[in-house]
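Asker: Pasting in a structure now, in structure tokens, and then I'll have a few things to ask.
The values are calculated or read from the model by the stated rules, or taken from the named source; none is laboratory data. None of these values were measured; they are calculated from a predicted model. Neighbour counts are summed over all protein chains in view; Cβ atoms, including those assigned to glycine, are modelled from backbone coordinates with ideal geometry. Accessible surface areas use protein heavy atoms only, side chains included; no ligands, DNA or RNA. Shrake-Rupley method; radii C 1.70, N 1.55, O 1.52, S 1.80 Å.
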Amino acid sequence: MSNILFLTHIYPYPPDDGGRIVTFNTLRILQERKHKVFLFSFMDKLNEKKYDMENLEQHLINKDYSNDSINLIKNLFEKLPFTMKKYVDSSVEKIIEKVLKTEQIDFVILDHLHMANYVNVIRKLKPEIPVYLRQHNIESIIMKRAYEKEENILKKLYLLFQYKKLHKYESNICELMDRIFVITEEDKEMLINMNPAIQDIEVVKAGVDFTKYKPISYEKRNKEYNLVFLGAMNWLPNENGVMWFTDNVLPKLLDKFSNIKFYIVGKNPSEKIMELHKRYPDNIKVTGYVEDEREYIAMADVFIVPLLIGGGMRLKILNALAMKKAIVTTTIGAEGINLNDSYMVADSSSEFSNAIEKLFLDIEYREYIEKNGYEQVVKYYSFDAVSKPLLDAL
């Protein structure tokens, strides 16, 4: 049994989005293996509730996750990129110091790049303790893709400035880690290309909770075609993907299928997303936060993941495959999953529309990829299969 200091910037409960699910299940696996974990996390105490777990000692600091426009402007004159500076807090340093002085910590896991800056504090206090970084995405790649897709010239310039700062920061800070765990082979390649001095990188994929995500029978009560998108809507790649789909793909589909119902499922939808229902009152429903997303996945004729920016791995695709759903996504959406004949990939609006139309009309093909996707995800993405490299390393 090891004593582990585990730092994460977003409280992992409830596990209702990709990042939280990966973090929550990592903690659960460590707890099941009888490791003692000292967890530090920021937490929005107004909207999040504490979750107790055996062998888990929690140190929590209240945090408003929303972005402040004044701080965005101030960051133009600061060294750290905004998405990293946001989580620098002297209270965290005090907690780290207290735990390292009072407990026999064997190693530290920094969960997400947003907590990587604390490696400097740890090195100063206990330079001999191994520090591992769990990268959920290559953050500078997400910023680069956001910059490339942005059309507003002022926003584009700001994103370019942030990308350059973030690329430099990510390259330098990752070199200080004893080991880095990434989600995909693609992310590993990107890190090595970014800085060849970063060598000790392990791929530890996201896994699926097959006790939760499994096929659920859904009885249709109407003749509508149901499209479902799932994701936290305060994450830029999700909002960007939904807007692109609504502006460029949905009109093409509605020309042929007037009875489409598009469900946008996920917490914190912006005003821009909420307005989509007004544009298409008969065809779009924005749910906001839901307690259990599985009922929406179950009702999907086609589950869509139209991401144009992003990184890491889309856990929502794996979960939908485990529920035996037909999926249309983009190359970026499918990045890192690498399963054959399990989903359709389409990058232009015409390709995306045509793929959905095929799945609507060709039931035999839809059932084929649903069956194949289910069998592949069960084979390659069980927790035992994906967590082994992490547990071996620890």
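Asker: Taking the stretch 294-329, which residues are among the charged types (D, E, K, R) and either buried (at least 24 other Cβ atoms within 10 Å of the Cβ) or over 17 Å from Ile260 (Cβ atoms) (or both)?
Answerer: If the condition is that a residue be among the charged types (D, E, K, R) and either buried (at least 24 other Cβ atoms within 10 Å of the Cβ) or over 17 Å from Ile260 (Cβ atoms) (or both), then Arg294, Glu295, Arg314, Lys316, Lys324, Lys325 are the ones that fit.
Asker: Answer with yes or no whether Glu357 is open to solvent by 10 Å² or more (accessible area, probe 1.4 Å), touching a Phe, Trp or Tyr at 6+ places or on another chain (Cβ under 9 Å), farther than 27 Å from Val204 by Cβ and not hydroxyl-bearing (Ser, Thr, Tyr).
Answerer: Here the answer is yes, as Glu357 does meet what is asked.
Asker: Turning to a different aspect of this structure: Quick check on the stretch 230-259: of everything there that is outside any helix (DSSP H, G or I) and not aromatic (Phe, Trp, Tyr), which residue is surrounded by the most Cβ atoms within 10 Å (Cβ to Cβ)?
Answerer: So the residue we want is Leu230.
Asker: For the stretch 188-211: of the residues being among the acidic types (Asp, Glu) and out of contact with any helix residue (DSSP H, G or I) (no Cβ under 8 Å at 6 or more places or on another chain), which is nearest to Lys388 (Cα to Cα)?
Answerer: Checked the stretch 188-211; the qualifying residue nearest to Lys388 (Cα to Cα) is Asp200.
Asker: Within the stretch 269-293, work out how many residues are more than 16 Å from Glu224 (Cβ to Cβ), buried (at least 17 other Cβ atoms within 10 Å of the Cβ) and not hydrophobic (A, V, I, L, M, F, W, C).
Answerer: Here the count works out to 2.
Asker: Name every residue in the stretch 339-375 that is assigned to a loop (DSSP other than H, G, I, E, B) and either among the small types (Gly, Ala, Ser) or touching a residue at least 24 places away in the same chain (Cβ under 8 Å) (or both), in order of residue number.
Answerer: Scanning the stretch 339-375 gives Leu339, Asn340, Asp341, Ser342, Tyr343, Ala346, Ser348.
Asker: Also, I was wondering about something else. Check Phe262 against each of (1) over 21 Å from Phe210 (Cα atoms); (2) not in a strand (DSSP E or B) and name the one condition it does not meet.
Answerer: Looking at each condition in turn, Phe262 falls short on (2).
Asker: Take the residues in the stretch 364-394 that are acidic (Asp, Glu) and open to solvent by 40 Å² or more (accessible area, probe 1.4 Å), then tell me which one is nearest to Leu110 (Cα to Cα).
Answerer: For the stretch 364-394, the residue satisfying everything is Asp392.
Asker: Here are some residues: Leu166, Leu110, Leu133. Which one is surrounded by 21 or more Cβ atoms within 10 Å (Cβ to Cβ), in contact with an Asp or Glu (Cβ under 9 Å, 6 or more places away or on another chain), at pLDDT 95 or above and in a strand (DSSP E or B)?
Answerer: Only one candidate passes the filter, namely Leu133.
Asker: Right, here's the next one. List pairs: first in the stretch 116-127 and closer than 21 Å to Ser41 by Cβ and open to solvent by less than 10 Å² (accessible area, probe 1.4 Å), second part of a helix (DSSP H, G or I) and not basic (Lys, Arg), Cβ under 7 Å, 6+ apart or cross-chain?
Answerer: From the stretch 116-127, the pairs are Ala116/Ile173; Tyr118/Val92; Tyr118/Ile96; Val119/Ile173; Ile122/Ile96.
Asker: A further question on this structure: Return yes or no: is Lys212 within 19 Å of the chain's Cα centre (by Cα) and part of a loop (DSSP other than H, G, I, E, B)?
Answerer: Yes, satisfied.
Asker: A further question follows. Right, Glu148: out of contact with any Gly (no Cβ under 8 Å at 6 or more places or on another chain), in a helix (DSSP H, G or I), open to solvent by 50 Å² or more (accessible area, probe 1.4 Å) and not hydroxyl-bearing (Ser, Thr, Tyr) or not?
Answerer: So Glu148 passes the test.
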